[in-house]
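Chemist: Just dropping this structure here.
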Amino acid sequence: MRIRSFRLGDYAAITFIWRETGLEANKETVSLDDLAKQVAWDSELVLVAEVEEKVVGVIVGSLDGSKAYFYRLAVDPTYQGHGVGKQLVQALEERFKQRGATEIIIMINQDNQQVIPFYHSLGYEAQEYITLSKKLSNHD
């Protein structure tokens, strides 16, 4: 398996993975424009995992000062349970460290409780936060 930076040619493969894992169904869907902006902002923080030149996993990261964030970690269901997600997280963590990040924050959907043991196994701990959000409209 190889972990590398995202290329725009990977978009179809990762949207397929997001659809297969249910991420495409949630409210935070990422359009090609959104992903292109993230890649333009910092292409080194959007990683894919490849097996025999097939994209089998993806993770999207961002930095805000010393705080790092990642989201939309997904692995093709055929390749789940083989360490793909773990390697993506570890590769992104290394890139965060190289850039001076001192803390990584992730958010998961309340309906996605089954991923908590995975994150615990990587050293992440649940925090006592409430997340609030507001949709902004261009039509006001």
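Chemist: Can you tell me which of 102, 78 is hydroxyl-bearing (Ser, Thr, Tyr), surrounded by 10 or more Cβ atoms within 10 Å (Cβ to Cβ) and closer than 23 Å to residue 10 by Cβ? Steps first, please.
Modeler: Values: 102 fails: closer than 23 Å to residue 10 by Cβ.
After ruling out the rest, the residue left standing is 78.
Chemist: Kindly indicate whether any position in the stretch 106-118 is modelled with pLDDT under 95, under 21 Å from residue 6 (Cβ atoms) and under 13 Å from the mean Cα position of the chain (by Cα).
Modeler: Yes: the stretch 106-118 contains one or more residues that are modelled with pLDDT under 95, under 21 Å from residue 6 (Cβ atoms) and under 13 Å from the mean Cα position of the chain (by Cα).
Chemist: Among the residues in the stretch 98-115, are any small (Gly, Ala, Ser), in contact with a Phe, Trp or Tyr (Cβ under 9 Å, 6 or more places away or on another chain) and either touching a residue at least 12 places away in the same chain (Cβ under 8 Å) or over 26 Å from residue 20 (Cβ atoms) (or both)? Steps first, answer last, please.
Modeler: Here is the first cut: in the stretch 98-115, the residues small (Gly, Ala, Ser) are 100-101.
When the remaining residues are screened for being in contact with a Phe, Trp or Tyr (Cβ under 9 Å, 6 or more places away or on another chain), the result is none.
Scanning the stretch 98-115, I find no residue that is small (Gly, Ala, Ser), in contact with a Phe, Trp or Tyr (Cβ under 9 Å, 6 or more places away or on another chain) and either touching a residue at least 12 places away in the same chain (Cβ under 8 Å) or over 26 Å from residue 20 (Cβ atoms) (or both), so the answer is no.
Chemist: Here's something else I'd like to know. Among the residues of the stretch 82-95 satisfying the criterion of being touching a strand residue (DSSP E or B) at 6+ places or on another chain (Cβ under 9 Å) and of a type outside the set (A, V, I, L, M), which is surrounded by the most Cβ atoms within 10 Å (Cβ to Cβ)?
Modeler: Restricting attention to the stretch 82-95, the residues satisfying the condition of being touching a strand residue (DSSP E or B) at 6+ places or on another chain (Cβ under 9 Å) are 82, 84-85, 87-93, 95.
Adding the requirement that they be of a type outside the set (A, V, I, L, M) leaves 82, 85, 87, 90, 93, 95.
Details: 82: 15, 85: 22, 87: 18, 90: 12, 93: 17, 95: 17.
Within the stretch 82-95, the match that is surrounded by the most Cβ atoms within 10 Å (Cβ to Cβ) is 85.
Chemist: Sticking with this one: Do you know which of the residues in the stretch 66-75 that are without any contact (Cβ under 8 Å) to a residue 60 or more places away in the chain and more than 14 Å from residue 45 (Cβ to Cβ) is surrounded by the most Cβ atoms within 10 Å (Cβ to Cβ)?
Modeler: 75
Chemist: Just checking, which of 45, 23, 35 is surrounded by 13 or more Cβ atoms within 10 Å (Cβ to Cβ), at pLDDT 80 or above and either more than 17 Å from residue 6 (Cα to Cα) or not polar (S, T, N, Q) (or both)?
Modeler: Numbers: 23 fails: at pLDDT 80 or above; 35 fails: at pLDDT 80 or above.
Checking each option against the conditions leaves just 45.
Chemist: Still on this model: So which residues in the stretch 83-140 are β-branched (Val, Ile, Thr) and part of a loop (DSSP other than H, G, I, E, B)?
Modeler: 102, 108, 130, 131
The values are calculated or read from the model by the stated rules, or taken from the named source; none is laboratory data. Here the structure is a predicted model, which means the values were calculated and not measured. Virtual Cβ from ideal backbone geometry, glycine too; neighbours counted across all protein chains shown.
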